[in-house]
Amino acid sequence: MEPKTAPDTLPLGRTAPRSRDRRRRIVVDSRYQVRAGLLVGSVALVLLALLNTSLVTQSRAGAAAGAATAWTRGPGAEVGLSWMLLFAGSAVFFGGVVLIGVMESHRTAGAAFAIRRSIEAIRDGRVGERVRLRKNDHLQDLAEAVNRLAETLDAERTSRG
């Protein structure tokens with residue numbers, strides 16, 4: 001009986017070539033992806049600032065009115081812990097939003113990178129080159145248009161002989 005191997009490995013420890021559909025890096029176009037992450041993050045930061053300001057205002061208004069709220073009740077240590085949790089949660093949320101922004105921009109930047117690479121190959125005379133994007137990548141319509149262009153150029157080249 002042949003030993004079981006992982007799907008990515010071949011016998012004798014050799015690894016299979018990676019699929020062309022899988023990108024090895026998350027940051028493909030750092031300038032674009034960092035800018036997208038910061039844009040999404042700045043929107044999240046503004047929303048968090050508004051939320052935290054609202055909570056602080058309500059807390060102070062409740063304390064001034066003498067109401068016992070979760071922010072003002074109990075010993076000072078409990079209040080300090082509440083504030084620390086509020087700001088720690090905000091920081092984790094902000095970091096997550098920036099990370100998601102960078103990851104989502106990867107679907108556009110990676111697709112643009114693949115399209116650019118195929119266009120350069122076609123320009124260099126390799127008209128058999130086609131754009132292959134992953135299922136959830138953005139710019140699918142543009143990739144299909146580039147592939148149709150390459151097919152037309154390839155058909156013209158073969159008809160000329």
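Assorted remarks:
- Where a residue in segment 103-127 is over 14 Å from LEU142 (Cβ atoms) and its partner, wherever it lies, is of a type in the set (Phe, Trp, Tyr), with Cβ under 9 Å and at least six apart: SER105/TYR32
- Matching residues in segment 91-133 - criterion: being crowded, with 19+ Cβ neighbours inside 10 Å, in a helix (DSSP H, G or I) and not hydrophobic (A, V, I, L, M, F, W, C): GLY101, SER105, HIS106, GLY110, SER118
- The lone criterion from (1) more than 16 Å from ALA91 (Cβ to Cβ); (2) modelled with pLDDT of 80 or more; (3) not hydroxyl-bearing (Ser, Thr, Tyr) left unmet by LEU51 is number (1).
- Matching residues, segment 134-143, being surrounded by 13 or more Cβ atoms within 10 Å (Cβ to Cβ) and either acidic (Asp, Glu) or free of Cβ contacts under 8 Å to residues at least 40 places away in the same chain (or both): ASP137, HIS138, LEU139, GLN140, LEU142, ALA143
The values are calculated or read from the model by the stated rules, or taken from the named source; none is laboratory data. What you are looking at is a predicted structure, and each value in this text was computed from that prediction instead of being measured. For neighbour counting, all protein chains shown are included, and Cβ atoms are generated from backbone atoms with ideal geometry for every residue, glycine included.
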